[in-house]
Amino acid sequence: MFVHFSIILIIFKKKKIEFSQKSYDSLFHAVENNLREMGLGDVGVNKKMKDLNKIFYDILLKINNSKTALNINKNLIIKYFPQLNDLNSKKYELFNEYFINFYHFCFELSPETMIKDALKFRV
């Protein structure tokens, strides 16, 4: 989820369009509500949200290795998806291809409907 959201934010930045704070807040409120539904108390939710926020910003700031096109940072992906540790594996290639395709799909969408239409993305 954070990789998808990061790619959408990268697209907004490349298009020089401001991303709605309301949309950002909605994502994190939904995550927080799900944690509460899973039975975490206030202290547990606060700690988990702090950890998830750090992970999100780590992904957002480091996912792209290029100024011009999307180039997925392999080391970052392996950090959060250790099962893809073999960089020559078919799984990593599929993972990388999926997110490159997602980037191109979303880049063509209008900013007003990008998040809603991104949910329709299929490989």
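The values are calculated or read from the model by the stated rules, or taken from the named source; none is laboratory data. Values in this document were obtained by computation on a predicted structure and should not be read as measured data. So basically every Cβ, Gly included, is an ideal-geometry build from the backbone, and we count neighbours across all protein chains shown.
If the condition is being assigned to a helix (DSSP H, G or I) and modelled with pLDDT of 90 or more, then segment 101-119 contributes Asn101, Phe102, Tyr103, His104, Phe105, Cys106, Phe107. Looking for something within 16 Å of the chain's Cα centre (by Cα) and not β-branched (Val, Ile, Thr) - is there at least one such residue anywhere in segment 31-47? No, there is no match, as no residue in segment 31-47 is within 16 Å of the chain's Cα centre (by Cα) and not β-branched (Val, Ile, Thr). Of all residue pairs spaced 6 or more apart or on separate chains, those with beta-carbon atoms under 8 Å, a first member in segment 64-90 that is farther than 23 Å from Lys54 by Cβ and a second member that is charged (D, E, K, R) and surrounded by 10 or more Cβ atoms within 10 Å (Cβ to Cβ) are Leu87/Lys74.
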